[in-house]
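Engineer: Handing you a structure now.
The values are calculated or read from the model by the stated rules, or taken from the named source; none is laboratory data. Predicted, not measured: the structure shown is a model, and the values here were computed from it. Here the Cβ positions follow ideal geometry from the backbone for every residue, glycine too, while neighbour counts run over all protein chains shown. When the accessible area is computed, the model is the full protein with side chains, heavy atoms only, and any ligands, DNA or RNA have been set aside. Shrake-Rupley method; radii C 1.70, N 1.55, O 1.52, S 1.80 Å.
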Amino acid sequence: MVETGFLFPKTFLWGAATSSHQVEGMNTRNDWWEWEQTGRVKEPSGRACEHWDRFREDFKLAKSLHHNAHRFSLEWSRVEPEEGKFSEEALSHYREVIRSLRENGLEPVVTLNHFTVPLWFAGQGGWLSPRSPELFARYVKRAVEFLGGEVRFWITLNEPVVYVFKSYLVGEWPPGERSYKKGFRVLSHLLRGHVLAYDAIKGVTGALPGRPVQVGVAKHVVIFHACSPKSWRDRFSVGMRNLMFNHLFIKALIRGRIFYPGLFHVRLPRARTLDFIGLNYYTRDFVHNEGFRMLEIFGDVCTLKHHREIGKRNSLGWEIFPEGLYQLVKEFSRYRLPLLITENGICTDSDEERFEFIRKHLACLGRAVREGAPVIGYLYWSLLDNFEWADGFEPRFGLVEVDDVTQARRVRESARRFSEISKTGRISWNE
Ligand code: IFM
């Protein structure tokens, strides 16, 4: 009999993701807010989606769409607005958020840091400061002491390598640095911050009754292909990018140390501090080699310049390449840890295209799961149209449309069609 589709496991997590600064609104005490006031972004985040006040309404929508999980982040600058002073009010708010998720049958997946940092932390040098891992772990410990009994999935850091790239190598995000030396220093502090946070979470929750707590990171992954497949130089740069961008952070956390002569060396307090790996997948880049000196080895992207194979793109110009999800999930299966798709989504003005994107990616994911990949869930980015960092509110990623002026929510057709899949757990190969 010809197989027409695939049934995901009954325990599979289905849902969507958001992050504090992108949806809550009025996060006035973090580095991004300050950065926005200097006019270096298309528009400031302002009230964003007013999710701080409207989370109940938003979770009801998620429930009506047959989601059974939801990823969101705590805003560090609200929880610890001044160094060492924790806000009971903010922590209680997040407890309400988690309770509301549970009341709606949504498993909370909680990110502890999604790019933004408190102004006081930025003022001390941010992640460049040698104290940064300890400061991060102190905040994590307090947050988990308050909320730990109610959360099973913790994500310490969102896309640490993207953060280093945007904030410390190309200077597009705060603090606007352009230095690979600083970039590598921040990377090693983020790694250490994760390990200390992992220990803090395990230390606090080990004493609590209930289900085992799982700690991971949300790792942004990209499929890299050579601009000229015949060029060994291009293939070399593809390998370097894949290693540096996709794998290094994970390998370092699993092994507890990483040593690439002349490039990067870090020794962590200990090994094996990941219980699952979160994957954020969006696109493929074509790469060509630029030389063999520092940074040149990673090559440059020729996607926009001249490559012919390139398929459709989203409204930010990123190529849509569903097969990449299959390839990456297979590649990351080698770590023998559960994989959670913590982000996958499209910004587009065509809702038809959004559903096609979801359907094709889920078909690829289903194929990987059928072949034994240990994937435990899929969270679409994003539940709501929201603040897309330097690109402002124009890119529309949401399953739910948000009216900029009235803040009214409207469920998109793609969300309804995705909800049929999450309800039944079934994806057909060729609808
Ligand atoms: O909006 C971002 C999110 O904050 C991190 N991952 C990628 C998304 C789309 O760019």
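Engineer: Based on alpha-carbon positions alone, could you give the equivalent ellipsoid semi-axes of the range 334-416 from the gyration tensor, as √(5λ), descending, whole Å?
Structural biologist: Values for the range 334-416, descending: 28, 14, 10 Å.
Engineer: Which FRET efficiency, nearest 0.05, do Phe292 and Arg370 yield, Cβ-Cβ r, R0 35 Å?
Structural biologist: Efficiency, from the Cβ-Cβ distance: 0.25.
Engineer: Translational D (Stokes-Einstein, µm²/s) of the chain at 25 °C and 0.890 mPa s when Rh comes from the Kirkwood sum over C-alpha pairs?
Structural biologist: The estimated diffusion coefficient comes to 112 µm²/s.
Engineer: Measure off, as a whole percent, the carbon and sulfur share of the 1.4 Å-probe accessible area of the chain, all protein chains present.
Structural biologist: About 51 percent, which is the carbon plus sulfur part of the accessible surface.
Engineer: Right, something else. Accessible area per residue for the chain in Å², computed with a 1.4 Å probe and the full protein assembly in place, what is it?
Structural biologist: With all protein chains present, the chain gives 41 Å² per residue.
Engineer: Put Lys10, Lys423, Lys181 in order of accessible area, largest first, 1.4 Å probe: what do you get?
Structural biologist: Lys10, Lys181, Lys423
Engineer: Which of Lys202/Lys423; Lys251/Lys330; Lys219/Lys330; Lys63/Lys423; Lys360/Lys423; Lys166/Lys230 have a Cα-Cα distance over 22 Å?
Structural biologist: Lys202/Lys423; Lys166/Lys230
Engineer: If the only charges are +1 at each Lys and Arg Cβ and -1 at each Asp and Glu Cβ, what is the size of the charge dipole of the chain around the Cα centre, to the nearest 20 debye?
Structural biologist: In debye, rounded to 20, the chain gives about 1800.
Engineer: Can you check what the Kirkwood hydrodynamic radius comes to for the range 248-343, Cα pairs only, in Å to one decimal?
Structural biologist: One over the average 1/r among Cα pairs gives 15.9 Å for the range 248-343.
Engineer: Could you pull the Rg and Dmax for the range 8-135, using just the Cα atoms, both in Å?
Structural biologist: 15.9, 48
Engineer: Tell me the label-point distance for the pair Thr424, Gln407, using the 7 Å Cα-to-Cβ offset, in nm and rounded to one decimal.
Structural biologist: 3.8
Engineer: Still on this structure, I have one more. Report, by chain and number, residues whose modeled amide H sits under 5 Å from the one on His67, excluding near sequence neighbours (fewer than 5 apart, same chain).
Structural biologist: Amide H to amide H, under 5 Å and 5 or more residues apart or across chains, His67 pairs with nothing.
Engineer: Then there is this: What accessible surface, in Å², does a 1.4 Å probe find on Trp318, ignoring ligands, DNA and RNA and rounding to the nearest 10?
Structural biologist: Only protein atoms counted, so the area is about 80 Å².
Engineer: Same structure again: Can you name the helices of the chain, as whole DSSP H runs, whose Cα span along the helix axis is 27 Å or more and whose Kyte-Doolittle mean is not below -0.5? Don't skip to the answer; put the middle values down first.
Structural biologist: Details: long enough: 180-206 (38 Å, 0.09); 351-370 (28 Å, -0.57).
Taking the DSSP H segments of the chain (at least 27 Å long, mean hydropathy at least -0.5), we get 180-206.
Engineer: Among bridges DSSP assigns within the chain, what percent are antiparallel (round to 5)? If you can, show how the numbers build up before the last one.
Structural biologist: Details: 15 of 54 bridges.
Antiparallel bridges make up about 30 percent of those DSSP assigns within the chain.
Engineer: OK, next. Which percent, nearest 5, of DSSP beta bridges in the range 201-303 are antiparallel?
Structural biologist: The answer is about 40 percent antiparallel.
Engineer: Quick one: in the range 1-79, what % of C-alpha pairs are over 15 Å apart?
Structural biologist: Every Cα pair in the range 1-79 considered, those over 15 Å come to 66 percent.
Engineer: Compute, for the range 85-162, the length of the dipole vector about the Cα centre, with Cβ point charges of +1 (Lys, Arg) and -1 (Asp, Glu) only. Units Debye, rounded to 20.
Structural biologist: 220
Engineer: Check Val375: other-chain or 5+ apart residues with amide H under 5 Å from its amide H, H built from backbone geometry?
Structural biologist: Leu339
Engineer: Another question, if that's okay. Measure out, as a whole number of angstrom, how far apart the alpha-carbon centroids of the range 120-157 and the range 182-202 sit.
Structural biologist: 10
Engineer: Related question: How far apart, in nm, are two points set 7 Å out from the Cα along the Cα-to-Cβ line at Arg313 and at Ala271?
Structural biologist: 4.3
Engineer: Then there's this: Using only the Cα atoms, work out Rg/Rh for the range 65-112, with Rh taken as the Kirkwood radius, to two decimals.
Structural biologist: Reported Rg/Rh, Kirkwood definition of Rh: 1.07.
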